[in-house]
Structure formats: C-alpha cells, structure tokens
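Asker: Attaching a single structure in structure tokens format; questions to follow.
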Amino acid sequence: MSAAWITVLVVGAGTAVLKAVGPVGVANKELPPRVTELLSMVGPAILAALVVTEAFAHGRHLVVDARIAGVAAGAVAALVRAPLWAVIVVGALATALVRLIS
Amino acid sequence: MAPLVPAVLALGASLGVLARASHFSSAAVIVMSATTFAGSSQVAAVSVLGAGGGIVAAVVAALLLNVRYAPIGITVAQSFRGSIGRRFAEAQLVVDESWALSGGGTPRFDRRVMLGIGGGLWIAWVGGTAIGALLGGVVSDPSAFGLDGAFAALFLALLVSQLTNRRAIAAAALGAAIAAALTPLTPPGVPIIAATVAVLVGWRRT
C-alpha cells in the first residue's frame with residue numbers, strides 16, 4: 001500500500017474517533033478546565049508552526065521567496081476580515097505574480 | 001452556510017491539486033476528504049508527505065490538528081440521541097464551521113441545524129476536492145499558480161482567528177520559533193509536531 005493510502009486511512013480513522021469522543025463516549029461529563037485550556041493552545045501552536053514551514057521551509061532550509069508575498073497579501077486580507085476563500089485567492093495570486101516577475 | 005460554500009470549494013480544489021502534486025491518487029485524496037473531513041489537517045498531512053516528511057510525521061501532525069474535536073464534541077455531546085452507530089455517524093459532521101454556526105458551546109446548540117450545515121459543507125468539500133484532483137492531473141506544477149503561498153496565507157488566517165487571548169498568542173509565538181529553529185535540523189513534519197511543546201507555556205499558573 002502506498003504512503004498516501006496509509007496516511008489517508010490512519011488520519012481518517014483517528015479523526016473519526018476524535019470527533020466521536022463527545023457524542024459517543026461522553027454522557028454528562030466535562031473536561032477539567034485546565035485540560036480544555038491546554039488543548040485550546042494546541043491549535044495556535046501548530047498553526048503558527050505551519051505558517052513558518054509553509055512560508056519559509058524549502059526542504060531543510062529556511063528561504064525567503066515568492067511565498068512571502070502570498071502570506072503578506074493573505075495577512076492583509078485576513079486583517080480586513082475578508083472571507084477565507086478571498087484569503088486563498090489573494091494569497092495564490094500574489095505568490096504567482098511575484099514568482100512570475102522575479 | 002451559503003457564504004462558506006465558495007471557501008470550502010476553493011480550499012477543497014486547492015487540496016486536490018496539491019495532493020496530486022504530492023503523489024496522491026485522485027481516489028486517495030477524495031476518500032480522505034470524505035472520511036477525514038477536516039481541511040487544515042488534510043492540507044498538513046499532504047504537505048508533510050509531499051515534502052518528504054514520512055508517514056508518521058504526516059499522520060501525527062494531522063491528528064494533532066484534530067485533537068480539538070474531542071473537547072468540541074464534548075460541548076455538544078448531550079444533544080446527540082439514538083444508537084452508537086448513529087451518534088458516531090452524526091458526529092462526523094461536526095466541523096469548526098457547522099459547530100460554530102449551530103450555536104456550539106452555548107445552550108442554543110441545535111443538532112439538526114448542525115447536521116444540515118455539516119452535510120452541505122461535506123458535499124462542497126468532497127466535490128471541491130474531486131474538481132482539484134481532476135485539475136491536478138492536468139496541471140504539472142501547482143506552484144506556478146502560487147498554491148504554496150496560498151496555503152501559508154490560509155494557515156495564517158486560521159491562526160489569527162484563534163488568537164483570542166494572551167496564552168494563545170504566547171503559544172503561537174513559541175510554536176513558530178520552535179518550527180523555525182528545528183527546520184534545518186530535522187526531517188519535514190517534525191518541527192510542526194515539536195511546536196506543540198509550546199502549550200507548556202500554559203502550565204504556568206497565573
């Protein structure tokens with residue numbers, strides 16, 4: 001089986017279980033506030049790491065290339081509260097444009 | 001839900017193109033969207049695998065992004081009825097958007113509204129992925145369209161929406177620093193996983 005299919009199956013099964021933890025596994029419980037608080041920081045930590053690697057990583061090197069234009073344009077779009085699809089489109093256009101002219 | 005459909009279609013199509021460039025078959029990425037149905041984690045898994053990060057790093061990075069669904073599911077658990085199979089199936093339609101728009105986390109949560117929105121978004125997500133997978137078979141180099149920069153922008157937009165308090169900002173800053181420091185030292189994917197250490201800033205009692 002290819003690496004892609006193994007990833008698809010394991011991520012699919014794991015995510016299905018995570019989504020079902022509440023509706024299937026929990027009747028009338030709540031997580032301790034401390035645990036909820038720590039879990040709420042996992043998202044920001046990972047998303048910030050993904051911004052860094054998606055924007056600057058090229059293999060094992062950190063580089064500044066056309067992607068920075070996409071990030072900057074997307075940041076502006078996000079700050080003016082543009083919808084998510086607009087962030088994607090603006091980010092792609094800015095990256096492609098800078099790549100084209102550089 | 002209507003304003004979300006173009007976003008979900010566009011992101012799904014982008015994922016499809018990216019996946020084809022990362023040696024996923026069309027079937028594999030479409031099955032992934034139908035079963036995982038959690039966008040940012042799928043982009044993360046495909047990116048890590050495409051960058052040569054290996055299966056373990058791809059799976060761990062994706063699942064860490066979905067850990068939030070455990071507490072999210074717990075906030076709405078009381079509204080689900082019926083057999084285990086039915087609750088399991090309905091739980092799959094709980095995604096960030098369907099949860100938020102149906103009053104998740106508040107006493108007004110409406111399971112039927114959540115199912116309607118989640119079902120609609122699922123169709124758009126799987127359909128968008130299929131469109132992208134077909135386009136990706138034709139497009140040889142998605143970076144010419146700036147897709148790599150677009151995903152970085154997308155993650156940034158998602159990050160900004162989660163920076164709701166000082167601890168989240170501290171975790172994000174530390175996570176970014178860890179990822180930058182480890183990128184030259186470890187295989188792709190590892191810096192993202194290691195960044196979760198940043199949640200330890202929350203251990204400090206204030």
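Asker: Residues that are within 12 Å of chain A (Cβ to nearest Cβ) and closer than 22 Å to A:MET41 by Cα: which helices (runs of 4 or more DSSP H) entirely in the stretch B:42-153 hold 3 or more of them?
Answerer: Result: B:55-66, B:69-76, B:96-101.
Asker: Within the stretch B:1-30, which residues are closer than 13 Å to B:ILE131 by Cβ, surrounded by fewer than 21 Cβ atoms within 10 Å (Cβ to Cβ) and of a type in the set (Gly, Ala, Ser)?
Answerer: Residue satisfying the conditions is B:SER26 alone.
Asker: For the stretch A:51-74, name all the residues that are within 14 Å of the chain's Cα centre (by Cα) and either not charged (D, E, K, R) or not in a helix (DSSP H, G or I) (or both).
Answerer: Across the stretch A:51-74, the qualifying residues are A:VAL51, A:VAL52, A:THR53, A:ALA55, A:VAL71, A:GLY74.
Asker: Can you tell which of A:PRO23, A:PRO33 is more than 7 Å from every other protein chain (Cβ to nearest Cβ) and more than 20 Å from the chain's Cα centre (by Cα)?
Answerer: Selected residue: A:PRO33, the only one of A:PRO23, A:PRO33 that is more than 7 Å from every other protein chain (Cβ to nearest Cβ) and more than 20 Å from the chain's Cα centre (by Cα).
Asker: May I pose another question? Any idea which residue in the stretch A:61-102 is farthest from the other protein chains (Cβ to nearest Cβ), counting only those that are basic (Lys, Arg) and surrounded by fewer than 21 Cβ atoms within 10 Å (Cβ to Cβ)?
Answerer: The initial filter retains those residues of the stretch A:61-102 that are basic (Lys, Arg), namely A:67, A:81, A:99.
Still in the running and surrounded by fewer than 21 Cβ atoms within 10 Å (Cβ to Cβ): A:81, A:99.
Details: A:ARG81: 10, A:ARG99: 7 Å.
Filtering the stretch A:61-102 for residues that are basic (Lys, Arg) and surrounded by fewer than 21 Cβ atoms within 10 Å (Cβ to Cβ), the one farthest from the other protein chains (Cβ to nearest Cβ) comes out as A:ARG81.
Asker: Taking the stretch B:1-41 as the region of interest, how many residues are part of a helix (DSSP H, G or I), among the hydrophobic types (A, V, I, L, M, F, W, C), farther than 15 Å from B:LEU121 by Cβ and facing chain A (nearest Cβ under 7 Å)?
Answerer: 3
Asker: Does any residue in the stretch B:170-193 that is within 8 Å of chain A (Cβ to nearest Cβ) and in contact (Cβ under 8 Å) with a residue 24 or more places away in the chain come within less than 8 Å, Cβ to Cβ, of a residue that is among the hydroxyl-bearing types (Ser, Thr, Tyr) and surrounded by 17 or more Cβ atoms within 10 Å (Cβ to Cβ) six or more places away or on a different chain, and which pairs are these?
Answerer: From residues that are within 8 Å of chain A (Cβ to nearest Cβ) and in contact (Cβ under 8 Å) with a residue 24 or more places away in the chain, the pairs are B:PRO188/A:THR53; B:ILE192/A:THR53.
The numbers here are math on the coordinates, done by the rules we state, and not lab data. It should be emphasised that the depicted structure is a prediction, and the values quoted were computed from it without experimental measurement. All Cβ positions, glycine included, derive from the backbone under ideal geometry; neighbour counts span all protein chains shown.
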